[in-house]
1. Considering each of LEU154, LEU115 in turn, give the residue that is within 18 Å of GLY254 (Cβ to Cβ) and part of a helix (DSSP H, G or I).
2. How about the stretch 115-136: which of its residues are of a type outside the set (A, V, I, L, M, F, W, C) and either surrounded by fewer than 20 Cβ atoms within 10 Å (Cβ to Cβ) or on the phi > 0 side of the Ramachandran plot (or both)?
3. Take the stretch 38-47 and flag every residue that is crowded, with 21+ Cβ neighbours inside 10 Å and of a type in the set (D, E, K, R).
4. What do you reckon, is GLU186 surrounded by 15 or more Cβ atoms within 10 Å (Cβ to Cβ) and among the acidic types (Asp, Glu)?
5. Return the pairs, sorted by first residue and then second, in which the second residue is modelled with pLDDT under 80 and among the small types (Gly, Ala, Ser), the first residue lies in the stretch 240-265 and is under 20 Å from THR210 (Cβ atoms), the beta carbons are less than 7 Å apart, and the residues are 6+ apart or on different chains.
6. Is it the case that some residue within the stretch 17-34 is farther than 13 Å from ASP99 by Cα and touching a Phe, Trp or Tyr at 6+ places or on another chain (Cβ under 9 Å)?
7. Taking the condition farther than 26 Å from THR149 by Cα and within 14 Å of the chain's Cα centre (by Cα), does VAL15 pass?
8. Which residue is nearest to ALA189 (Cα to Cα), if the candidates are limited to the stretch 137-156 and must be among the aromatic types (Phe, Trp, Tyr) and surrounded by 15 or more Cβ atoms within 10 Å (Cβ to Cβ)?
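The values are calculated or read from the model by the stated rules, or taken from the named source; none is laboratory data. Given the structure is predicted, the values throughout are model-derived calculations rather than measurements. We place every Cβ from the backbone using ideal geometry, glycine too, and count neighbours over all the protein chains shown.
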Amino acid sequence: MMEMSYQDRSELISVILPVYNCERTIEEAVSSVLRQTYKNIELIIVDDASTDNTLQICRSLAEKDSRIRILTNQANCGALESRFLGIGETGGDWIAFIDADDLWDHKKIEKQLALRDKTKCDLVFTASAFLDEKGEKYNWILHVPGEVTFKRLLKQNIISNSSVLVRKESYIKYSPDLKKAKDLAEDFACWLNMLRAGLTACGIDEPLITYRVTKGSRSGNKMIAARLNMNTYKCIGLGFFARIYYQACYAVNGIKKYSHIRLRG
């Protein structure tokens, strides 16, 4: 009997996309989700009280594809709360995230499902490519290992939020409390909590997502990023000297990373 292709499988994959004032990039991000070779997906867009044309663009896109659903926040509450609002409306047991200025390769979900089924892992992430603000690609890829351990991840968060395919139950269980999350690198905290609990995260060393580097997305706010990281280390229970050590490792890896993707003028 011929094996069923991933395009034909009935498993629903739920994609959550929080949006806020992203009228310039939202249509491209949505298109990259809808053109996946794996077709059985739902895309839940959560508009976080945008003040530009983002919501109107999303509604127009939803009229053309029944897989899109739109939720709206009455007031701006941030990406994490928006993601959890979206998760509450999902029908799939496995979820994926994408940010409004990121792009997916058309085979992302298909390849992640294949690796998940082969390894039985709890989270699949991928390598990343990068675009500048003009849409030109950088000649560099953030490579990832076939599997990442808790100690390895402490030194650098190589699990990009827009690259993950993760079991919904696990994401909910290991995410930090929403009240505390605003003072943390919340996605980083979730992945660390998962790995410390013995769950597994496997990587595909192909740039199946493309991350857009902008003035707002860079760690131009290095002091804030460092503070969030230190808070995250403390939240997961690292002692003072361990926090200093891993923050130093994180900083060195960050310098190496951004030496390849400096903002272009």
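1. Values: LEU115 fails: within 18 Å of GLY254 (Cβ to Cβ).
Exactly one of LEU154, LEU115 is within 18 Å of GLY254 (Cβ to Cβ) and part of a helix (DSSP H, G or I), namely LEU154.
2. Step one: of the stretch 115-136, the residues of a type outside the set (A, V, I, L, M, F, W, C) are 116-120, 122, 126, 128, 132-136.
Those that are of a type outside the set (A, V, I, L, M, F, W, C) and either surrounded by fewer than 20 Cβ atoms within 10 Å (Cβ to Cβ) or on the phi > 0 side of the Ramachandran plot (or both): ARG116, ASP117, LYS118, THR119, LYS120, ASP132, GLU133, LYS134, GLY135, GLU136.
3. Kept after step one, since they are crowded, with 21+ Cβ neighbours inside 10 Å, are these residues of the stretch 38-47: 38, 43-47.
Within the stretch 38-47, ASP47 is the sole residue that qualifies.
4. Numbers: surrounded by 15 or more Cβ atoms within 10 Å (Cβ to Cβ): yes; among the acidic types (Asp, Glu): yes.
Yes; evaluated as a whole, the condition is true for this residue.
5. GLY254/SER219
6. No, that holds for no residue.
7. Values: farther than 26 Å from THR149 by Cα: no; within 14 Å of the chain's Cα centre (by Cα): yes.
For VAL15, the condition - farther than 26 Å from THR149 by Cα and within 14 Å of the chain's Cα centre (by Cα) - is not met.
8. Residues of the stretch 137-156 among the aromatic types (Phe, Trp, Tyr): 138, 140, 150.
Those left that are additionally surrounded by 15 or more Cβ atoms within 10 Å (Cβ to Cβ): 138, 150.
On the way: TYR138: 28, PHE150: 11 Å.
Here the residue is PHE150.
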